[in-house]
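The values are calculated or read from the model by the stated rules, or taken from the named source; none is laboratory data. Treat the numbers as computed from the prediction; the structure is a model and nothing was measured. We place every Cβ from the backbone using ideal geometry, glycine too, and count neighbours over all the protein chains shown. The protein model used for the area step is the full one, side chains on, heavy atoms only, and it has no ligands, DNA or RNA in it. Shrake-Rupley method; radii C 1.70, N 1.55, O 1.52, S 1.80 Å.
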Amino acid sequence: MTYPVITVSELNGYIKTMFDSELMMRSIYVAGEISNLSVHARTGHMYFSLKDENASLKAVMFASDASSLGFVPENGMNVTALGRVSVFERDGVYQLYVKHIQPDGAGALAVAFEQLKKKLEREGLFDSSRKSLFPVIRKE
(Lines give C-alpha, C1' and ligand atoms only; values in the text may rest on other atoms or scores of the structure.)
Protein backbone atom coordinates (compact mmCIF):
# COMPACT_ATOMS: atom_id res chain seq x y z
CA MET A 1 0.00 0.00 0.00
CA THR A 2 1.32 3.42 -0.86
CA TYR A 3 0.62 6.52 1.18
CA PRO A 4 0.44 10.08 -0.13
CA VAL A 5 3.41 12.33 0.54
CA ILE A 6 2.58 15.87 1.60
CA THR A 7 4.73 18.80 2.63
CA VAL A 8 5.03 20.14 6.16
CA SER A 9 3.19 23.28 5.03
CA GLU A 10 0.32 21.22 3.65
CA LEU A 11 0.05 19.21 6.87
CA ASN A 12 0.13 22.32 9.08
CA GLY A 13 -2.47 23.97 6.85
CA TYR A 14 -4.71 20.92 7.08
CA ILE A 15 -4.44 20.79 10.88
CA LYS A 16 -5.15 24.55 11.10
CA THR A 17 -8.29 24.01 8.99
CA MET A 18 -9.37 21.23 11.36
CA PHE A 19 -8.99 23.47 14.42
CA ASP A 20 -10.63 26.47 12.74
CA SER A 21 -13.66 24.44 11.64
CA GLU A 22 -14.28 22.96 15.10
CA LEU A 23 -17.03 25.03 16.77
CA MET A 24 -15.75 24.48 20.32
CA MET A 25 -12.30 25.84 19.41
CA ARG A 26 -13.67 29.15 18.09
CA SER A 27 -14.66 30.51 21.50
CA ILE A 28 -13.39 28.78 24.61
CA TYR A 29 -12.58 29.72 28.20
CA VAL A 30 -9.32 28.34 29.58
CA ALA A 31 -8.26 28.66 33.23
CA GLY A 32 -4.63 28.57 34.23
CA GLU A 33 -1.61 30.32 35.66
CA ILE A 34 0.31 32.80 33.52
CA SER A 35 3.97 31.92 32.97
CA ASN A 36 6.76 33.00 30.60
CA LEU A 37 5.00 36.32 30.00
CA SER A 38 6.69 38.67 27.56
CA VAL A 39 5.43 41.80 25.86
CA HIS A 40 6.88 42.52 22.45
CA ALA A 41 8.46 45.98 22.70
CA ARG A 42 7.56 47.11 19.18
CA THR A 43 4.10 45.61 18.67
CA GLY A 44 2.75 45.40 22.23
CA HIS A 45 1.60 41.81 21.68
CA MET A 46 1.70 39.62 24.80
CA TYR A 47 3.11 36.11 24.57
CA PHE A 48 2.72 33.71 27.49
CA SER A 49 1.78 30.23 28.58
CA LEU A 50 -1.20 29.14 30.61
CA LYS A 51 -0.42 26.20 32.85
CA ASP A 52 -1.93 23.99 35.47
CA GLU A 53 -0.38 21.23 37.54
CA ASN A 54 -0.17 18.82 34.57
CA ALA A 55 0.15 20.78 31.32
CA SER A 56 0.82 24.09 29.59
CA LEU A 57 -0.61 25.89 26.57
CA LYS A 58 1.02 28.63 24.51
CA ALA A 59 -1.03 31.81 24.21
CA VAL A 60 -0.87 35.16 22.47
CA MET A 61 -2.88 38.32 23.06
CA PHE A 62 -2.58 40.96 20.38
CA ALA A 63 -2.02 44.57 21.41
CA SER A 64 -5.46 45.62 20.16
CA ASP A 65 -7.06 43.25 22.69
CA ALA A 66 -4.52 43.83 25.47
CA SER A 67 -5.08 47.59 25.36
CA SER A 68 -8.60 47.16 26.75
CA LEU A 69 -7.51 45.27 29.88
CA GLY A 70 -8.12 47.02 33.19
CA PHE A 71 -5.11 45.36 34.84
CA VAL A 72 -1.59 44.25 33.97
CA PRO A 73 -1.20 40.46 33.64
CA GLU A 74 1.77 39.09 35.59
CA ASN A 75 3.62 35.79 35.86
CA GLY A 76 2.06 33.58 38.52
CA MET A 77 -1.38 35.21 38.19
CA ASN A 78 -4.29 32.78 37.94
CA VAL A 79 -6.65 33.83 35.18
CA THR A 80 -9.47 32.70 32.93
CA ALA A 81 -8.80 33.54 29.30
CA LEU A 82 -11.36 33.74 26.51
CA GLY A 83 -10.09 33.02 23.04
CA ARG A 84 -9.90 30.68 20.10
CA VAL A 85 -7.56 27.76 19.55
CA SER A 86 -5.78 27.64 16.22
CA VAL A 87 -2.48 26.65 14.64
CA PHE A 88 0.38 29.02 13.90
CA GLU A 89 1.19 27.37 10.60
CA ARG A 90 4.80 28.49 10.25
CA ASP A 91 5.84 26.67 13.43
CA GLY A 92 3.16 23.98 13.48
CA VAL A 93 2.19 25.01 17.00
CA TYR A 94 -1.34 25.20 18.31
CA GLN A 95 -2.05 28.03 20.71
CA LEU A 96 -4.77 30.08 22.33
CA TYR A 97 -5.44 33.43 20.65
CA VAL A 98 -6.71 35.40 23.65
CA LYS A 99 -9.39 38.10 23.30
CA HIS A 100 -9.96 38.76 27.01
CA ILE A 101 -8.43 37.81 30.38
CA GLN A 102 -10.12 37.92 33.77
CA PRO A 103 -8.13 37.39 36.99
CA ASP A 104 -9.41 34.50 39.08
CA GLY A 105 -10.47 35.31 42.60
CA ALA A 106 -10.42 39.08 42.85
CA GLY A 107 -12.09 40.93 40.02
CA ALA A 108 -10.22 42.96 37.43
CA LEU A 109 -11.11 46.25 39.14
CA ALA A 110 -9.69 45.08 42.47
CA VAL A 111 -6.48 43.89 40.76
CA ALA A 112 -6.17 47.18 38.84
CA PHE A 113 -6.70 49.16 42.05
CA GLU A 114 -4.00 47.19 43.90
CA GLN A 115 -1.56 47.55 40.99
CA LEU A 116 -2.16 51.31 40.84
CA LYS A 117 -1.73 51.63 44.61
CA LYS A 118 1.63 49.80 44.46
CA LYS A 119 2.79 51.97 41.55
CA LEU A 120 1.91 55.21 43.36
CA GLU A 121 3.56 53.92 46.52
CA ARG A 122 6.79 53.18 44.59
CA GLU A 123 6.67 56.74 43.26
CA GLY A 124 6.50 58.00 46.84
CA LEU A 125 3.12 59.62 46.50
CA PHE A 126 1.90 58.20 49.83
CA ASP A 127 4.94 59.50 51.69
CA SER A 128 3.85 61.63 54.64
CA SER A 129 6.41 64.32 53.74
CA ARG A 130 4.44 65.02 50.54
CA LYS A 131 1.17 65.59 52.38
CA SER A 132 -0.04 69.11 53.00
CA LEU A 133 -2.66 70.50 55.34
CA PHE A 134 -5.90 71.93 54.09
CA PRO A 135 -6.12 75.65 54.56
CA VAL A 136 -8.43 76.89 57.26
CA ILE A 137 -11.43 78.71 55.84
CA ARG A 138 -13.11 81.16 58.18
CA LYS A 139 -16.60 82.49 57.83
CA GLU A 140 -16.98 86.16 58.29
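Tabulated data
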{"quantity": "Mean Cβ count within 10 Å, highest first, over the residues of peptides 14-25, 85-96", "calculated": "85-96, 14-25"}
{"quantity": "Relative contact order for segment 43-90, counting Cα pairs under 8 Å that sit 6 or more residues apart, in percent", "calculated": "27"}
{"quantity": "Environment charge at GLY83 (Cβ cut-off 11 Å; Lys +1, Arg +1, Asp -1, Glu -1)", "calculated": "+2"}
{"quantity": "Projected-area average for segment 1-114 over all orientations - Cα convex hull basis, square nanometres", "calculated": "9.3"}
{"quantity": "Between helix 108-122 and the chain: long-axis angle, C-alpha atoms, 0 to 90°, nearest 10", "calculated": "60"}
{"quantity": "Debye, to nearest 20: dipole size of the chain, +1 on Lys, Arg Cβ, -1 on Asp, Glu Cβ", "calculated": "680"}
{"quantity": "For MET77, residues with placed amide H under 5 Å, excluding near neighbours", "calculated": "ILE34"}
{"quantity": "Euclidean distance of C-alpha centroids, segment 1-70 and segment 71-98, integer Å", "calculated": "5"}
{"quantity": "Those lysines that a straight Cα-Cα span of less than 22 Å connects to LYS99, excepting residues fewer than 8 apart in one chain", "calculated": "LYS16, LYS51, LYS58"}
{"quantity": "Accessible area in square angstrom per residue, the chain, 1.4 angstrom probe", "calculated": "75"}
{"quantity": "In nm, spacing of pseudo-spin labels at LEU133 and LYS117 (7 Å Cα→C-beta vector)", "calculated": "2.8"}
{"quantity": "Percentage relative contact order, segment 1-94, counting C-alpha pairs under 8 Å, at least six apart", "calculated": "35"}
{"quantity": "Summed side-chain charge close to ASP65 - residues other than ASP65 whose Cβ falls under 14 Å, Lys, Arg +1, Asp, Glu -1", "calculated": "+2"}
{"quantity": "Cα-based radius of gyration of segment 65-108 once divided by 2.2 N^0.38 Å, which approximates compact folds", "calculated": "1.33"}
{"quantity": "Carbon plus sulfur fraction of accessible area for segment 22-140, probe 1.4 Å, in percent", "calculated": "55"}
{"quantity": "Label-reachable residues, segment 65-106, where backbone N falls under 15 Å from a point 7 Å from TYR29's Cα toward its Cβ", "calculated": "79-84, 99-106"}
{"quantity": "Normalised contact order of segment 36-140, rounded percent, pairs of Cα under 8 Å and 6 or more residues apart", "calculated": "20"}
{"quantity": "Tilt relative to the chain, helix 8-21 - C-alpha long axis, 0 to 90 degrees, to 10", "calculated": "60"}
